[in-house]
Amino acid sequence: MFIDTRGIDEGREIETTVCIVGAGVAGITLALELDRCGIDTCLLESGGYRPDDDTRDLYRGENAGLPYAFADGSRSRYLGGSSNCWGGWCRPLDPWDFDKRDWVPGSGWPFGLDELAPYYARTHALLKLGPNTFDPPFWEQAIGRADVKRIPLVTGNVRDTIAQFSPPARFGKLYRGDLERSPHIRVFLHANVVHIDTDTDARHVERVQVATLTGRRMTVTAKRFVLAAGGIENARLLLASNRVQAAGLGNAYDNVGRYFMDHPRIMSASVRFAPAWSRNKLYDIKYHYQNAAVAAYGTPISSQFALAPAVLRREKLLNARVWFFSVFYGEGSEGAQALIRCKQALLRKEQPGWRLGDDLATMLRHPIDTAGFGLTRLLQPRALIRDVKLQAIVEAQPNRESRVTLGNQCDRLGMPRVKVAWRLTELAQRTFDRTFELLAEELRASAVAQVRLDAPLEGRAWPESLEGTWHHMGTTRMHDSAREGVVDRHCKVFGIDNLFVAGSSVFPTVGANFPTITIAALALRLAGHLVKSLHTADAVAAPSPCGVEPGEESVAAARVAVPFASALMRIVRH
């Protein structure tokens with residue numbers, strides 16, 4: 001059921017079992033899983049069915065660190081959340097991304113890959129992915145094309161990895177019917193949580209205060225509350241809920257908002273292929289991104305290079321992913337940018353202010369650049385490919401000084417706007433440098449290409465070309481100790497018995513993979529924990545409505561986890 005909060009009675013109190021703040025990937029996944037288990041749930045979404053400027057403005061704030069865009073286009077404040085501006089990349093974290101590494105202070109999850117493996121397996125249906133394997137030989141054989149082939153990697157320093165593409169799944173559209181028909185879910189649209197009310201000791205959440213941009217107010221009471229509003233907004237809500245604890249909820253050790261991470265992205269070097277490899281689509285983002293030619297079982301895939309785990313340990317580096325980036329005729333021109341925006345529109349990616357007529361007019365004004373760029377991408381004539389670069393994203397090192405805080409300005413609802421200070425370490429620079437160097441050596445040794453490297457990054461200011469990837473992570477990090485984290489291994493906020501956090505804000509370390517599949521896996525895991533805790537609290541002796549007795553859950557998980565973890569380890573050997 002959907003309810004427009006702007007039309008309810010002023011001051012109304014809503015009662016439910018579980019209240020979820022945010023209807024993005026984490027929130028909708030959690031709600032659907034609770035619905036399957038017969039749990040009464042309220043899902044509070046700030047926006048409506050479509051984007052609007054007034055709601056989008058609530059995300060805006062101040063940048064206080066490296067140049068960084070974190071509002072328009074990078075987050076979507078309406079039904080479906082950031083799935084509305086998601087590119088669809090999916091790959092689980094590597095096994096060692098969960099490990100504590102002595103050269104990465106603050107690294108390590110409270111559990112390993114085996115804990116998430118059964119939930120990763122279940123995300124494939126949710127995200128509309130293909131077979132539950134990321135094994136490079138499997139996909140190469142399944143695609144079976146001469147221009148989609150794996151590069152021979154001979155030194156042992158570099159491995160190739162696979163990512164699958166979701167269509168991408170726009171959760172607000174894809175699951176709107178399920179939410180509408182559910183007998184257990186009420187979705188309140190235009191419902192902005194402005195404060196989390198607790199008891200006098202801040203040990204138990206009693207209700208959340210909800211406001212609309214039209215001035216209507218209501219409250220929601222529940223047995224369990226879950227923040228699923230994104231890596232920036234989750235921290236903002238905890239910090240701003242400061243009527244009982246001046247520093248905000250869950251912030252006894254000043255961890256809320258700290259360790260803000262995003263994957264830095266840089267383009268570098270120049271690649272000259274040997275003729276046999278000049279048209280290979282598998283590793284080039286211009287060809288493998290959502291390309292039916294690089295697909296099997298109805299699922300497009302891509303391949304990226306990564307350093308072997310032994311190399312990461314030996315060199316004391318962060319994780320990274322690298323791919324080729326062909327530079328086409330007309331690249332960067334107004335016509336080419338207009339053509340790219342039109343393609344993104346076909347993928348239903350939110351682009352604030354985009355108008356088809358404006359881009360058509362731009363392309364007509366720049367016909368040569370537009371046609372040259374489009375034909376080069378379509379037909380791949382080598383004469384019109386000006387260069388091939390290396391593009392990489394690198395794991396961000398946990399850094400307490402990279403953080404989200406509250407600014408001095410308030411939005412229309414009276415909520416303090418955020419101040420985001422994205423900061424990166426020299427270890428990230430060194431990881432870029434050594435990853436590019438080792439990959440260049442690999443390509444030369446394999447007789448695939450010659451690579452001319454750019455000047456090293458380490459010891460210099462970050463270049464203007466540095467980008468984030470809009471993966472907002474780490475601000476309510478998970479840890480077994482309240483001194484080191486905000487939530488425990490079950491994603492419960494330390495010191496508060498009924499407040500949980502879902503989404504990438506709980507990631508302690510982030511690997512170099514795309515976070516959406518892990519967000520979904522953690523949401524499924526959290527749903528199981530909530531159901532079990534509610535059954536325990538209510539002393540329910542009858543069989544679970546999910547079809548799995550609470551005591552059987554670990555057995556069922558183990559049956560899936562063992563083959564899935566084995567498959568992932570086969571990937572590592574390749």
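Can you give the % of DSSP beta bridges in the chain that are antiparallel, to the nearest 5? Among the beta bridges of the chain, antiparallel pairing accounts for roughly 65 percent. Taking a point 7 Å from the Cα of ARG60 along the Cα-to-Cβ direction, the residues of the range 66-97 with backbone N closer than 18 Å to it are 68-78. The loop-placed trypsin sites (Lys or Arg not before Pro) in the range 1-102, going by DSSP, that have at most 16 neighbouring Cβ atoms within 10 Å of their Cβ come out as ARG60, LYS100. Dipole size of the range 307-372 about its Cα centre, with +1 on Lys/Arg Cβ and -1 on Asp/Glu Cβ: approximately 480 debye, rounded to the nearest 20. For the chain, the longest principal axis of the C-alpha atoms and the axis of helix 113-127 are separated by about 90°. Output the 0 to 90 degree angle, nearest 10, between the alpha-carbon long axis of helix 516-538 and the longest principal axis computed from the alpha carbons of the chain. Helix 516-538 sits at roughly 20 degrees to that axis.
Above 19 Å, the calculated P(r) of the range 276-383 contains 58 percent of its Cα-Cα pairs. Of the trypsin sites (Lys or Arg not before Pro) in the range 253-282, the ones in a loop by DSSP (not H, G, I, E or B) with at most 15 other beta carbons within 10 Å are ARG279.
This ranking places GLU437, GLU13 by how few other beta-carbon atoms lie within 10 Å of each, fewest first, which gives GLU13, GLU437. For the range 215-241, the residues whose backbone nitrogen is under 19 Å from a point 7 Å from the Cα of ALA537, taken along Cα to Cβ, are 219-228. Taking the square roots of five times each eigenvalue of the Cα gyration tensor of the range 1-54, the equivalent ellipsoid has semi-axes of 20, 16, 8 Å, listed largest first.
Consider the candidate values (i) 42, 28, 26; (ii) 54, 23, 19; (iii) 39, 27, 24; state which one is semi-axes √(5λ) of the Cα gyration tensor in Å computed from the structure displayed. So the structure-derived entry is (iii). Between the listed residues PHE514, GLY61, ASN399, the Cα displaced farthest toward the positive end of the dipole of the chain, a dipole computed from Cβ unit charges relative to the Cα centre, is found at PHE514.
Based on alpha carbons, the Rg and Dmax found for the range 48-163 are 19.5, 55 Å.
For helix 426-445, report the angle its Cα long axis makes with the longest principal axis of the Cα atoms of the chain; keep it between 0 and 90° and round to the nearest 10°. On a 0 to 90 degree scale, this one is about 40.
Taken together, the values in this text are just the output of simple stated rules run on the coordinates, not laboratory data. Values in this document were obtained by computation on a predicted structure and should not be read as measured data. Cβ: placed from backbone, ideal geometry, glycine included. Neighbour counts: every protein chain shown.
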